Amino acid sequence: MPRNQRFDVLFEPVQIGPVTAPNRFYQVPHASGMTNALPHVRARFRGVKAEGGWGVVCTGAVSIHPSSDDSPLPFAMLWDDKDIAAHALMTEEVHRHGALAGVELWHGGACTLNRTSRIAPISPSGMPWLSTHLGFMGNLKPRSMDATDLRDLVKWQAAGARRAMQAGFDIVYVYAGMGYLPYEFLLPEYNHRTDAYGGSIENRVRLVRELLEATRDAVGHKCAVALRISLEELRGRPGRNAPSEAHEVITLLADAPDLFDVKMDSSPTDCAPSRFAPEASHEPVIDFVKKLTEKPVVGVGRFTSPDVMVSQIKRGILDLIGGARPSIADPFLPRKIAEGREHEIRECIGCNICISSWHDGVPVRCTQNPTAGEEWRSNWHPEVFAPPASDSSILVVGGGPAGLDCAVTLARRGYAVTLADAAGEFGGRLRFERRLPGLAAWGRVVDWRLGQLRERANVNLYPGSELAPDDVLGLEHRHVVIATGARWTKMQFSTLEFPVGELDGPGVYTPDDIAAGVVPPGPVIVFDFDNYYLAGVIAEHLGRLSSEVAYVTTAGNASAWTYMTNELPLVHRALGKAGVPIHTLQRVAGFDGECVTLADVYSGAEKRLACRSLIVVGIRKPNDSLYHALAARPKDLDRAGIAGLSRIGDCFAPGAIVHAVHGGHRFAREFEAKAGEAPYTRDYPV
Ligand SMILES: Cc1cc2nc3c(=O)[nH]c(=O)nc-3n(C[C@H](O)[C@H](O)[C@H](O)COP(=O)(O)O)c2cc1C
Ligand code: SF4
């Protein structure tokens, strides 16, 4: 299809110092969790984005010295020449598709705890980064840098830049963002220095300028020099002669880099989750930068709509459309716009599971794109599929995230697919959850897959079709895949932190009851030991409707696992706003229909709260009765010509949506693969 002319501006080349980006799609630096230990996995992950049309593809943060050691979190490095080859694999892959490769050189300062190198972290004035999360807390506090340390830092940056150039990078970064070392120099809370690097804004900016100059000296005219800088805090501080210190910093550095890459200061605002922030949420903070510099500016904001991108360019906010998550969710986003297929973009849902993979210390995972991180090791290309191995037709029962992805992937391979669901609409758990506060964008998991299925002639869709075992046997499909999801139980949590028997009886509900339309009479208590989003969202939802809702959890925070997805602080705020009190470190010890007895998980101390409805959000079990009923009839399956019966997603092992999608996808990719055709290739350092 021809490109829609109103998007032409997105495909204009942009000069960045001595290099030219072929278009305005810029994959900003984002970690992949792959590290130098998985160089082929990493190279293909980046290369696929270049193939998908991103004009610039960057690394994540790349440490320049062992005093910036983020272990056990995954991080890349260019500490010495032995690290060059690992990065060269990536630049080769990126260049093969005509894109530029960027590298974000990085020193974490007081934020990196140097757990492996055991070097005392360095910082402007010995001020630690005060983490609120256990995973980031450390007991080795940073020391103040002296003049030699400052000279060393500049030398490390220059050496990193030379190695980056040897590895084939076209754009080399100085990174002054997110609490890391050069950023710490910008803020007086970290920087108490009385020398030429502290005090006035000119002095606080000096180190960043020196790093930029050293980088330029190192790369000459071969590479562009970029500055990635966080502006949120600085924008909030009045400047001496300008509206804010952010204005002063950009003015002082206006000519120093070839490109400004502007972002927010903390992960929850920078990688803002869709539950709490819309597309383009950075604009109010970074909208002034282009007015103060002639250099091109790239910025981010979960951009998935080409119209919003065009608007950012036309209104003079940005020159290049930065993407981290949108490039993970759909590496082919630019190509789809270029080819007039923008309706096929698999839009990021803003769930931040990708961030959680970094916290987990594993290669990046994505709810929307199950091929993320699997491009090399599983040989999964996001847009290329192995042809069918037979003319088998497949019945997929259950159109939730797993069934939908399984069906769409089988259909893209070319199999004849029938997808049936008992409910009147597809979506599984998302039929309910997408209607809860902040979760509308998560519905894209359903919408994208249904859109793809509806376009294909080899697909039959049957919503509103509850299938009994005899129905399945009579439908003459060669393979049957059961994807009937899971149900919430009323199981409880013991003092020893393991699941115990169910608490049943009047007034006890699960999320499935709320999904079915039950309006629980107040006072309501939502009891959470699932710890991900759902209990918090249900409490927020009910809290908006009534003043008699409280949230109780065995964990130390509301929706405790959402610290992995940047949502936790915002969950607390949302519950506060909805008037929902939070009771942490409590388990339910009893419920009599009028009151719930809570016991402190450590001391056992009890308290009673008025409660007529108790919603238990704890453990899910597979809805696998159809699967077992069929599996128990092997002769009937044989007679019906059914060669294979399988189960996928929550029906097999309950998990988050990301796991369901991945499970459905893996089944479809590996369906009828011969031995050795479904590789799981192990990577090795180079
Ligand atoms: C998985 C992941 C890892 C990230 N790692 C980095 C990083 O190493 N360096 C960096 O400057 N920003 C990092 N970011 C932040 C992104 O570059 C970007 O600023 C942020 O995600 C907002 O852009 P988006 O809305 O396009 O995702 C990361 C983001 C994600 C999602
Ligand atoms: S995991 Fe979620 S937030 Fe991250 S890229 Fe995928 S859809 Fe977007």
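The values are calculated or read from the model by the stated rules, or taken from the named source; none is laboratory data. The structure presented is a predicted model; accordingly, all values stated were derived computationally and were not measured. Counting neighbours? That spans all protein chains shown, and the Cβs are built from the backbone with ideal geometry, glycine included. Each accessible area value is taken on the protein alone, full model and side chains, heavy atoms only, with ligands, DNA and RNA left out. Shrake-Rupley method; radii C 1.70, N 1.55, O 1.52, S 1.80 Å.
No other residue among P363, P387, P334 is crowded, with 20+ Cβ neighbours inside 10 Å and either more than 12 Å from ligand 1 (Cβ to nearest atom) or more than 30 Å from F260 (Cα to Cα) (or both) apart from P334.
For beta carbons closer than 6 Å, sequence separation of 6+ or different chains, a first residue in the stretch 299-313 that is among the charged types (D, E, K, R) and a second that is outside any helix (DSSP H, G or I), the qualifying pairs are R302/E279; R302/C348; R302/G350.
Pull up the stretch 366-384, narrow it to residues that are of a type outside the set (A, V, I, L, M, F, W, C) and open to solvent by 50 Å² or more (accessible area, probe 1.4 Å), then point me to the one that is nearest to ligand 1 (Cβ to nearest atom).
Filtering the stretch 366-384 for residues of a type outside the set (A, V, I, L, M, F, W, C) gives 367-371, 373-375, 377-379, 381-383.
Still in the list and also open to solvent by 50 Å² or more (accessible area, probe 1.4 Å): 377, 379.
Working: R377: 18, N379: 22 Å.
The selected residue is R377.
Taking the stretch 575-636 as the region of interest, the strands (runs of 3 or more DSSP E) fully inside it that hold 2 or more residues being aliphatic (A, V, I, L, M) are 586-591, 595-600, 606-610, 613-617. Taking V396, is it of a type in the set (V, I, T), within 16 Å of ligand 1 (Cβ to nearest atom) and modelled with pLDDT of 95 or more? In short, no.
Yes/no matrix, rows are residues, columns are (1) charged (D, E, K, R); (2) not in a strand (DSSP E or B):
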position	(1), (2)
H477	no, yes
V481	no, no
R487	yes, no
Q492	no, no
E497	yes, yes
G505	no, yes
G517	no, yes
P520	no, yes
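Scanning the stretch 486-510 for residues that are under 32 Å from the mean Cα position of the chain (by Cα), open to solvent by 40 Å² or more (accessible area, probe 1.4 Å) and modelled with pLDDT under 90 yields a count of 3. Exactly one residue out of V249, V262, V208, V225 is free of Cβ contacts under 8 Å to residues at least 40 places away in the same chain and either part of a helix (DSSP H, G or I) or within 26 Å of T59 (Cα to Cα) (or both), and it is V262.
Considering only the stretch 337-351, state which residues are within 16 Å of ligand 1 (Cβ to nearest atom) and either open to solvent by 30 Å² or more (accessible area, probe 1.4 Å) or among the hydrophobic types (A, V, I, L, M, F, W, C) (or both). Steps first, answer last, please.
Start the filter on the stretch 337-351 by keeping residues that are within 16 Å of ligand 1 (Cβ to nearest atom), which leaves 337, 345-351.
Within the stretch 337-351, I337, I345, E347, C348, I349, C351 meet the criteria.
Inclusion of S646 among residues that are open to solvent by 20 Å² or more (accessible area, probe 1.4 Å) and in contact with a strand residue (DSSP E or B) (Cβ under 7 Å, 6 or more places away or on another chain) is warranted. Listed by first and then second residue, the pairs linking a residue in the stretch 26-39 that is free of Cβ contacts under 8 Å to residues at least 24 places away in the same chain to a residue that is within 14 Å of ligand 1 (Cβ to nearest atom) and open to solvent by less than 10 Å² (accessible area, probe 1.4 Å), with Cβ atoms under 6 Å apart and 6 or more places separating them unless they lie on different chains, form an empty list.
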